[in-house]
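Report on one structure; see the data block that follows.
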Amino acid sequence: EELLRPMVFRQTKRATAALERRAVALRHPRLTKLERVRIFLGIGAGQGVAHSCLFFLNTVVTSYRGTYYNQDTCPQMPYFLVAAISTCAMFMVLSFAMVLTSVVFESAQAGPTMSTSRGGDLRKLLPCALHAAAVLISFLNMAKGGCLVSSVLNVLLVGAVVWMAARLVRDLARGVQ
């Protein structure tokens with residue numbers, strides 16, 4: 001799934017370019033950088049909703065007839081609360097990962113920042129790493145008492161993702177003015 005992220009970025013960039021051409025033809029102003037970021041946030045929200053639906057279906061299937069796989073491993077918290085926290089965390093991470101993708105990929109095209117010896121930009125791996133972290137945190141639910149740890153880590157991960165996105169967008173907004 002993360003391998004498709006560069007393709008989504010390129011397709012969205014083409015779509016926004018077509019939107020801008022149409023706007024200019026109709027004598028409307030061009031899209032600002034922040035409006036482009038909003039478009040990426042919408043795409044990320046769509047991806048987050050899709051994952052949330054999958055998590056919900058997983059919750060329904062695994063809780064059929066009152067039994068579920070972590071009933072013995074996590075008696076401290078209700079299963080639906082753990083599932084809700086995980087679902088909301090994945091939604092937020094995926095939504096804001098697309099914002100990070102737009103800013104990181106756009107800046108990578110402008111010039112290298114943290115380059116490797118092969119010339120790849122390490123910051124391009126950030127959205128993929130955030131998605132992987134959210135998935136690995138959700139696997140903690142299967143460990144004994146892991147639901148408490150995963151719930152706290154999910155909240156911390158969401159806070160970190162929102163902070164990073166806000167910081168990047170703030171820097172982007174400063175550069176616009």
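No lab work stands behind these numbers, since they all come straight from the coordinates. Everything numeric here is computed off the predicted structure, so don't read it as measured data. All Cβ positions, glycine included, derive from the backbone under ideal geometry; neighbour counts span all protein chains shown.
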Practice problem: Return the lysines within reach of LYS33: Cα separation strictly under 23 angstrom, same-chain partners fewer than 8 residues apart disregarded; answer none if there are no such residues. | Solution: LYS13, LYS124
Exercise. Give the peptides 132-143, 80-91 in descending order of average Cβ contacts within 10 Å, highest first.
Key: 80-91, 132-143
Practice problem: Order the peptides 154-166, 25-37 from the highest to the lowest mean number of other Cβ atoms within 10 Å of their residues. | Solution: 154-166, 25-37
